[in-house]
Amino acid sequence: MDIPRRHRPAHGGASHLRPDEARVLEEWNGFAYEPVGTAPNLAATQAWMNQLQTDNGPAA
C-alpha cells in the first residue's frame, strides 16, 4: 500500500470542501484502513499527513 494515511470529512463530501470542518484520520494496518483519530480542520489534517513524511524522510 503506497498510501499509509488518509483522511475524509467527518460528514461526507469532497475533501477540499468545507476546510473548517472536522476530518476522520485513518491509517493502513496491513489489511484495511482503520480510524485513528480526528482533526478539527483541513489544516490540522494536512499537518498530520505531512508528519509521516517528515518522520520517514523525504517522499520518493
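Some points to look at:
- Cβ-based net charge around residue 15, under 11 Å, with every Lys or Arg adding one and every Asp or Glu removing one: +3
- GNM flexibility winner over the chain from 47, 39, 22 (Cα, springs under 10 Å): 47
- Rg and Dmax of the chain, both derived from C-alpha coordinates alone, stand at 11.7, 32 Å.
Every number here is computed from the coordinates shown, using simple stated rules; none is lab data. These numbers come from a predicted model, not from an experiment. No Cβ is skipped: glycine too gets one built from the backbone with ideal geometry, and neighbour counts run over all protein chains shown.
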